[in-house]
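Bear in mind that the values in this text are calculations on the coordinates, not laboratory data. Just so it is clear, the model here is predicted, and its values are computed rather than measured. Backbone-built Cβ (ideal geometry, glycine too); neighbour counts: all protein chains shown.
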Amino acid sequence: MDFISANQSLTYQEITRQQQEWQRALYFLSRNREKYRIIGEDFKNHTWVFSGCGTSYYLAQTASLIFEMLTGIKTKAVPASEILIFPDTVFIGSGKYLMVPISRSGTTTEILKAAEKTRTELAIPTLAVSCNPASPLVRESNLAIEFPFQREKSVVMTGSFTTMLLSLVYLGAIIHPRTVLTARLKTLAEDSQTIMKQYEPLIKEIASRPEFENFVFLGQGPFQGLANEAALKIQEMALINSQSYHSLEYRHGPMSTVTDSTLITFITSHAGVQHEAKLIQDLKKLGAVELVLAARDLDMKMPKVDYLIEVPGGYGDVLIPFFYMPLLQLLGFYRAVHRRINPDKPQNLSAVVTLEI
Ligand code: F1P
């Protein structure tokens, strides 16, 4: 970075220290195993409604699907505002629900109001997830996932996304234990850090290509939440419009906007790779530059692409987001640097949105 060195940037520090945060988080989460097991037991027949705003909403999208894959418990994900505006479309009839409000700060007005409405007017219990154990969200919730998250100072959420996601994956792993997953959780942080360091120069190179005007992120299932979050990182840090879709939806209209200044990032999954590989081939013909994130143990050969980032096999669709997300955050960071924009000071944004409601 010319005008500010990467190490001077808070956002950069928070992106690159996140794997250490996961290790700490896992240590503290493991001390509350019994508490989390009981939560799972008490609410296994409820629908868990994951909610948040901005990054915390995209986290809700990804976490709800991973949690459902892990536990078989029914989930849905909605922005906090939907609970305020259309509550009857979220909590239906006499169904049994647990609300999971997610917020880094624990002070965003919409999620606070949504949690309060759910608890008091609808008599639905809440399980808060926040990086701030002293926040009103945690204080007022019936239950909370608590551990000493390292507080982020940046406006833009990065490590807090993956650390809160990890806490929900961990909860799922306790509710429905699996030996392989428990073993993989032990190596995840170190392996993710290795991959992040290995591919950081490539991400920087891609982010520095001047011709890109259109950033598109595609993913299915839990990876669609990652696509939304990656697009948001480009908007917040680099101040560029970006788009995100369910991968196969891109054919149904949006691909009409592809030009040779479009970078399409494919956030692939084990479940979707057959379809995604075909999409990668098809979109190449339209002239887009393609970046593919994929696990090494996919049971097929990737078509030839401009940039391929391969992450270790054996982690499955539940844990590969922890390899992809730090790299997607770095893409936003380095695009900002390329545009000589300071990612620590995003335009028009503050760390918390406070409204008079
Ligand atoms: C959520 C959030 C951020 C966003 C922005 C304002 O905050 O929407 O995702 O980057 O700066 O706040 P929180 O509820 O998770 O604290």
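Just a few scattered comments:
- A P(r) calculated from all alpha carbon pairs of the stretch 41-195, with 5 Å bins opening at zero, reads 2, 9, 19, 23, 21, 14, 7, 4, 1, 0 percent.
- Less than 5 angstrom separates the built amide H of Asp297 from those of Gly313, Gly314, all sequence-distant by 5 or more or on a different chain.
- Among residues other than Ile73 with Cβ under 14 Å from its Cβ, the summed charge is +2 (Lys and Arg +1, Asp and Glu -1).
- Value at 222 nm in deg cm²/dmol, rounded to 500, when DSSP H runs of n ≥ 4 in the chain each add -39,500 (n - 2.57): -14500 deg cm²/dmol
- Mean projected area of the Cα convex hull of the stretch 105-151, taken over all directions, amounts to 2.8 nm².
- Residues with amide H under 5 Å from that of Thr75, placed H, sequence gap 5 or more: Trp48
- Among the listed pairs Lys204/Lys345; Lys76/Lys345; Lys76/Lys278, those whose Cα-Cα separation exceeds 26 Å are Lys76/Lys345; Lys76/Lys278.
- Distant-in-sequence amide contacts of Val292, defined by a placed amide H-H separation under 5 Å and a gap of 5 or more residues or a different chain, comprise Phe266, Tyr307, Leu308, Ile309.
- Given charges at beta-carbon only (K, R positive; D, E negative), |dipole| of the stretch 273-357 in Debye: 420 debye
- Candidates Val180, Val49, Val156, ranked by Gaussian network fluctuation over the chain, Cα under 10 Å, top entry: Val180
- As a ratio to 2.2 N^0.38 Å, the alpha-carbon radius of gyration for the stretch 158-240 is 1.34.
- Globularity index of the chain, i.e. its alpha-carbon radius of gyration over 2.2 N^0.38 Å: 0.96
- Local electrostatic count, Met302, Cβ distance below 13 Å [Lys/Arg +1, Asp/Glu -1]: -1
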